[in-house]
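This report concerns only the one structure given below.
What follows draws every value from the coordinates through simple rules; no lab data is involved. It should be emphasised that the depicted structure is a prediction, and the values quoted were computed from it without experimental measurement. Cβ atoms come from the backbone with ideal geometry, glycine included; neighbour counts cover every protein chain shown.
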């Protein structure tokens, strides 16, 4: 297949492109490379995919030296050029990963979150419609499960009470996806991702922050006096799910061609246990600061983990990586590469 991946230089984007290349697909990736806090890491990821960072210029394709992959510096908010790209190249599928993330950050920059996460998604949906794309794949987030959701989270939960602008922007994008599936018969699959981690994580993600603070001897602040539960999901499980969804869309006859799945390990892991697993591999102690802040006051849940029954039933797929096996892989990667390949 010929596939467009947005956010291709991001954490999940890099791994997705790499997997699709290995599966034999022809890939075009776009990313705006605009975040000063992540751009250096994004360029490293691209270099691993055979893209020369020094050759990157606005809206001009750069060909990989090692794979069937072209990268274009392009923003999903640039509707005109996005439409032109999709009309010119006629993709079979679009995997839309481009987004800004973070509940606290979204409170400080609500307009940017809406513009990128919601309007950017609208631009990609419209491009897919006009270019007759056969399958649109979108990654949402577990944060859409707001005040009315309770663990384990299910797809049919009431998610219309978002607790942050990040959650609101992702929920709005989900609704746009359903509208396009219903109104234009555009086949769409959505994955709501739960706490994804692995090599080349975002610098401000929880696993990277934990590993960084342990390595640097800095305290790790844990709200709710240390009691948090998350559904930490290893990147390889997400990638397996993406491949399953691309190859076997589960849209039901007589309904809008739309499917939404929670993607997690479906295993509640105490946050402090996750920290302990990282410090064990790093061979250094973590300094824990227990904070009494109520998670709900900053747009977070106390317990957040997925019910993946629908994923297993409709796609005959279930994540397999337990955190006891996967966390050491991530922590060892960090230990081998921090201050060698990258810095934070």
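Using the number of other C-beta atoms within 10 angstrom as an exposure proxy, rank 135, 182 with the fewest first.
On the way: 135 22, 182 14.
Arranged by neighbour count, lowest to highest, 135, 182 become 182, 135.
Based on C-alpha coordinates, I'd like the Rg and Dmax of segment 45-181, in Å.
My reading of the Cα-based Rg and Dmax gives 16.8, 49 Å.
For the residue pair residue 158 and residue 35, what label-to-label distance in nm results when each label sits 7 Å from Cα along the Cα-to-beta-carbon direction?
3.2 nm
Percentage of Cα-Cα pair distances in the chain greater than 25 Å, rounded to whole percent?
Details: 30031 of 58996 pairs.
Counting pairs separated by more than 25 Å, the tail of P(r) holds 51 percent.
By count of other Cβ within 10 Å, fewest leading, how are 216, 279 ordered? The partial results should precede the final answer.
Details: 216 11, 279 19.
In order of increasing Cβ crowding within 10 Å: 216, 279.
Largest first and to the nearest Å, give the Cα extent of segment 128-273 along each principal axis.
Projected onto the principal axes, the Cα atoms of segment 128-273 cover 55, 32, 25 Å.
Where does the Debye-calculated log10 I(q)/I(0) of segment 79-128 sit at q = 0.15, 0.24, 0.29, 0.32 Å⁻¹, using only Cα point scatterers of equal weight, no solvent?
The Cα Debye sum returns log10 ratios of -0.46, -0.86, -1.07, -1.20.
Return a whole-number percent for the relative contact order of segment 1-155, with Cα pairs under 8 Å and 6 or more residues apart as the contact set. Provide the component values of the computation, followed by the final result.
Working: 244 pairs, mean separation 35.9, N = 155.
Reported relative contact order: 23 percent.
Assuming 0.36 nm per residue, please report the length gained on full extension of the stretch residue 23 to residue 322 beyond their Cα-Cα distance.
Values: separation 299, 0.36 × 299 = 107.64 nm, distance 2.45 nm.
Extra length from residue 23 to residue 322 when fully extended: 105.2 nm.
Just to be sure I understand: if I project the alpha-carbon convex hull of segment 253-344 onto a plane and average over all orientations, what area do I get in nm²?
Numbers: hull surface 38.4 nm².
That works out to 9.6 nm².
Multiply the residue gap between residue 179 and residue 247 by 0.36 nm, knock off their C-alpha separation, and tell me the result in nm, one decimal place. Provide the component values of the computation, followed by the final result.
On the way: separation 68, 0.36 × 68 = 24.48 nm, distance 2.29 nm.
This chain segment gains 22.2 nm when fully extended.
Per the helix-only calculation at 222 nm, which mean residue ellipticity applies to the chain, given -39500 (n - 2.57) for every DSSP H run of n ≥ 4 and division by its residues, nearest 500 deg cm²/dmol? Before the final figure, lay out the partial values.
Details: 12 runs with 132 residues, N = 344.
Computed mean residue ellipticity for the chain: -11500 deg cm²/dmol.
Test of understanding: what is the full-extension gain from residue 227 to residue 107, defined as 0.36 nm times their sequence separation minus their Cα-Cα distance?
Working: separation 120, 0.36 × 120 = 43.20 nm, distance 2.35 nm.
In short, 40.8 nm is gained.
Taking 8 Å as the Cα distance limit and 6 or more residues as the minimum spacing, I'd like the relative contact order of the chain as a percentage. Intermediate results must be reported in sequence, preceding the final value.
Details: 685 pairs, mean separation 55.7, N = 344.
With pairs under 8 Å counted, the relative contact order is 16 percent.
For the residue pair residue 150 and residue 92, what label-to-label distance in nm results when each label sits 7 Å from Cα along the Cα-to-beta-carbon direction?
4.5 nm
For segment 20-77, just run the numbers: alpha carbon Rg, then divide by 2.2 N^0.38 Å, N being how many residues it has.
On the way: Rg = 11.1 Å, N = 58, 2.2 N^0.38 = 10.3 Å.
Against the compact-globule rule of thumb, the ratio is 1.08.
Taking neighbour counts of Cβ atoms within 10 Å as a proxy for exposure, in what order, fewest first, do 42, 252, 2 appear? Provide the component values of the computation, followed by the final result.
On the way: 42 24, 252 10, 2 13.
Final ranking by Cβ density, sparse to dense: 252, 2, 42.
Report, for the chain, the % of DSSP beta bridges that are antiparallel, rounded to 5. Mind dumping the intermediate values first?
On the way: 5 of 46 bridges.
Roughly 10 percent of the beta bridges in the chain run antiparallel, per DSSP.
Starting from the Kirkwood radius over alpha-carbon pairs of segment 243-288, derive D by Stokes-Einstein at 10 °C in a medium of 1.306 mPa s and give it in µm² s⁻¹. Provide the component values of the computation, followed by the final result.
Details: Rh = 14.5 Å.
Rounded to a whole number, D works out at 109 µm²/s.
Using mean Cβ contacts within 10 Å as the protection proxy, how do 46-58, 117-129, 224-236 order, highest first? Let's see the in-between values first.
Details: 46-58: 15.8, 117-129: 22.5, 224-236: 20.6.
Highest mean packing first, the order is 117-129, 224-236, 46-58.
Hey, in the GNM for the chain with a 10 angstrom Cα cutoff, which one of 330, 11, 244 fluctuates hardest?
Maximum among the listed residues: 244.
Relative contact order for segment 135-182: what percent, with Cα pairs under 8 Å and sequence separation of 6 or more?
Details: 42 pairs, mean separation 17.0, N = 48.
Answer for segment 135-182 is 36 percent.
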